[in-house]
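*Asks:* My structure is below; once you've seen it, I'll send some questions.
Throughout, read-outs are computed from the coordinates displayed, never taken from laboratory work. None of these values were measured; they are calculated from a predicted model. Cβ sites come from the backbone with ideal geometry, for glycine too, and all protein chains shown count toward neighbours.
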Amino acid sequence: MRLLRHDVRLRRPAPRATNDGLAAARARGNIGGRKPKLTPGQVDELLQLYGTGTSVPQLARTFKVSRGTVYRHISLAAGKDDRQAL
């Protein structure tokens with residue numbers, strides 16, 4: 001029984017004040033979430049370097065991001081992924 005009660009508490013909805021605060025932040029233009037690791041200019045540069053044959057691991061080291069981030073931007077640029085760039 002104790003475990004069941006604990007699980008229920010984790011799933012309760014956010015308090016009204018929290019939702020009001022999030023709505024107010026959105027109205028001010030804050031969307032929340034993590035800031036992108038790469039700027040749009042860096043993404044353009046990354047894609048240009050990739051087009052010239054620079055390897056993905058080298059790009060990851062150059063821009064100080066993971067290989068997954070590099071692959072994600074390559075995929076987004078190719079139109080293979082419907083997600084927005086992070």
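*Asks:* Between Thr54 and Ala27, what is 0.36 nm times their sequence separation minus the Cα-Cα distance? Round to one decimal in nm.
*Replies:* Numbers: separation 27, 0.36 × 27 = 9.72 nm, distance 4.20 nm.
Extending this stretch completely gives an extra 5.5 nm.
*Asks:* Between Asp20 and Ala78, what is the label-point separation in nm under the 7 Å Cα-to-beta-carbon projection?
*Replies:* Here the answer is 5.0 nm between the modelled labels.
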